[in-house]
Amino acid sequence: MHCAYKTLIVSLLSLCLSVLTCQFAQARNVTIVSDGRDFSDRLLAAVEVNDTVFLDGGNGVFVLHHTVVLKHLKDKALIGLNEACLQTEFRLTDEIKSALDSMGIRGMSTAGKGGVLSNGMRVREEREWRTRQYLIDLYDDQHEHCRSAGGLQVSHCRNMLIKGLRIQGPGAVDVGGNDLIGMDHSTHIRIEDCHLRDGMDGNMDIIAQSDSIWVSRCTFGYTELSYDHMNSNLVGAGDGFEADRGLLHVTYEDCTWLEGCRQRMPMARYGVVRLIRCKWLCTSDFPAVDARKEAKISIEDGLFGEGIKVPFRVAEDARCDTINCRFF
């Protein structure tokens, strides 16, 4: 009996080792370097067919003609090496910003007085309406391709890691464009050691029944490339999205909002958001952390720099607790 038992144990261990070896052999990993050409479709294809995609930044930036939509994927990792940078092909120019200034865009309404674009699209806000129409006319582009200038959209995905990436956007401007990292209907997503700058609409938005999202050691900011709408991070899309109730559990750990960020650091609706050891080192007269419709936010060991005039704002049906925070 004793020998038979030992034989059984050895057989089971051999079987387990064979299974693990087989699984390891089946894991598909790839390392890619930039060749200077548009990388949007190739990045999507690489993530779809591999378990882990390493982007090696040693040969320059990875240019994105449009946002890469990662949809219905699970158990994937996208990891940057050697300061790998995704950079949008479209960029706001000084000429564009000067033209918007001459139109008085900054003084236009963001709460009404919109209109219909030449492509038939109705826009509710005057500032967005006028800005979008100017860009349509400038590029003779009724499809408004510039609005798709973004980084990654994680949609209906599960159990994914995005780590070690720099994402350089086109510059913030109020056209309802894409984010540098957007998430919808996704769960168990980790974003680590990423540095996001100049998202057209936002740097990172987490919406639409997403849940169990962990963002750690990331920085967010805007440079002179941006024009307006420097609204960095959104959790929950709007007051009317009641399906988000009970979801949107999001943690920001050791994250920093740098110069250029004006508001939404983050703004949350319905979500349960923890901010642990985060820093707000920008200059803004707007609320930094904004607890809106039924949001529950806790800020633990946070540091609000002297440039933050309003550390947080809380709606009547929301909550924001601070624990061991420092205010300068």
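The values are calculated or read from the model by the stated rules, or taken from the named source; none is laboratory data. Given the structure is predicted, the values throughout are model-derived calculations rather than measurements. Don't worry about glycine lacking a Cβ; one is built from the backbone with ideal geometry, like all the others, and counts go over all protein chains shown. Side chains are part of the model used for accessible areas, which takes the heavy atoms of the whole protein and leaves out ligands, DNA and RNA. Shrake-Rupley method; radii C 1.70, N 1.55, O 1.52, S 1.80 Å.
Structure values in brief
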quantity: Euclidean distance between Cα centres, region 61-75 to region 194-232, Å; calculated: 16
quantity: Shape call, region 189-328: gyration tensor on alpha carbons, a/c limit 1.5; calculated: rounded
quantity: Extension gain, residue 81 back to residue 94 (0.36 nm per residue minus Cα-Cα distance, nm); calculated: 1.5 nm
quantity: For region 128-143, 3J(HN,Hα) per residue [Karplus equation, 6.51 cos²θ - 1.76 cosθ + 1.60, θ = phi - 60°, Hz, x = Gly/Pro]; calculated: 5, 4, 5, 5, 5, 5, 4, 5, 4, 5, 4, 9, 6, 10, 5, 7
quantity: Label selected from [x] 18.1, 54; [y] 22.4, 91; [z] 18.9, 58, the criterion being Rg and Dmax of the Cα atoms in Å as computed here; calculated: [y]
quantity: MRE, 222 nm, helices only [DSSP H, n ≥ 4, -39500 (n - 2.57), over the chain, to nearest 500]; calculated: -5500 deg cm²/dmol
quantity: Accessible surface of the chain, 1.4 Å probe, proportion on carbon and sulfur as whole %; calculated: 53
quantity: About the Cα centre, charge dipole magnitude for the chain (Lys/Arg +1, Asp/Glu -1 at Cβ), debye; calculated: 840
quantity: Reachable lysines, given that their alpha-carbon falls under 23 Å from the alpha-carbon of residue 309 and they are not under 8 places away in the same chain; calculated: 279, 293, 296
quantity: Cα shape, region 252-308, gyration tensor, a/c 1.5 rule; calculated: oblate
quantity: Cα-centre dipole for region 150-304 with unit charges at Cβ (Lys and Arg positive, Asp and Glu negative), debye to 20; calculated: 380
quantity: Dipole-positive endmost among 161, 258, 207 within region 128-263 (Cβ charges, Cα centre); calculated: 161
quantity: DSSP-defined antiparallel bridges as percent of all bridges, the chain, nearest 5; calculated: 5
quantity: Degrees between helix 40-49 axis and first principal axis of the chain (Cα, 0 to 90, nearest 10); calculated: 30
quantity: Segment residue 106-residue 41, extension gain: residue separation times 0.36 nm, minus the distance between their alpha carbons; calculated: 19.9 nm
quantity: Given charges at Cβ of Lys, Arg, Asp, Glu: the chain dipole, positive-most of 283, 221, 79; calculated: 79
quantity: Student exercise, region 124-196 dipole from Lys, Arg, Asp, Glu Cβ charges, in Debye to nearest 20; calculated: 360
quantity: Rounded, prolate or oblate (a/c below 1.5 giving rounded, otherwise prolate when a/b exceeds b/c) for region 23-118 by Cα gyration tensor; calculated: prolate
quantity: 312, 39, 327, reordered so the largest accessible area comes first (probe 1.4 Å); calculated: 327, 312, 39
quantity: Rounded FRET efficiency, nearest 0.05, which uses the C-beta distance separating residue 145 from residue 276 and R0 of 30 Å; calculated: 0.15
quantity: Heavy-atom surface of region 68-209, accessible at 1.4 Å and reported per residue (Å²); calculated: 43
quantity: Cβ-based charge dipole, the chain, positive-most Cα from 236, 307, 33; calculated: 236
quantity: Calculated FRET efficiency for the pair residue 193/residue 69, C-beta based, R₀ 25 Å, to 0.05; calculated: 0.65
